[in-house]
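Notes to accompany the following structure.
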């Protein structure tokens, strides 16, 4: 299977519970609190879908991560950011 350099937000949604104040995901300039212990990939895809992002890049604590590098769950103090994936020349 070929490794992608982008994320794809077209999957099923999983509901979140109460949020932790210092653990968040940023998209389109807004921060959204996320619950510690939640499934990281589900949160990323839900947030991307809500923001209208089809393909996007994910940054964890300021460093870009690929889908294969993503941890399983949200941990205390995680700072995530989603940025649109732009293909040069298109």
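The values are calculated or read from the model by the stated rules, or taken from the named source; none is laboratory data. Just so it is clear, the model here is predicted, and its values are computed rather than measured. So basically every Cβ, Gly included, is an ideal-geometry build from the backbone, and we count neighbours across all protein chains shown.
What the table below lists for this structure:
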quantity: Selection count where residues are within 14 Å of residue 85 (Cβ to Cβ) and either under 9 Å from the mean Cα position of the chain (by Cα) or free of Cβ contacts under 8 Å to residues at least 24 places away in the same chain (or both), scope the range 46-64; calculated: 7
quantity: Residue, modelled with the highest pLDDT, within the range 64-90, restricted to residues that are part of a strand (DSSP E or B) and farther than 18 Å from residue 34 by Cβ; calculated: 64
quantity: The listed residue being in a loop (DSSP other than H, G, I, E, B), more than 11 Å from the chain's Cα centre (by Cα), modelled with pLDDT under 60 and surrounded by fewer than 12 Cβ atoms within 10 Å (Cβ to Cβ), out of 11, 2; calculated: 2
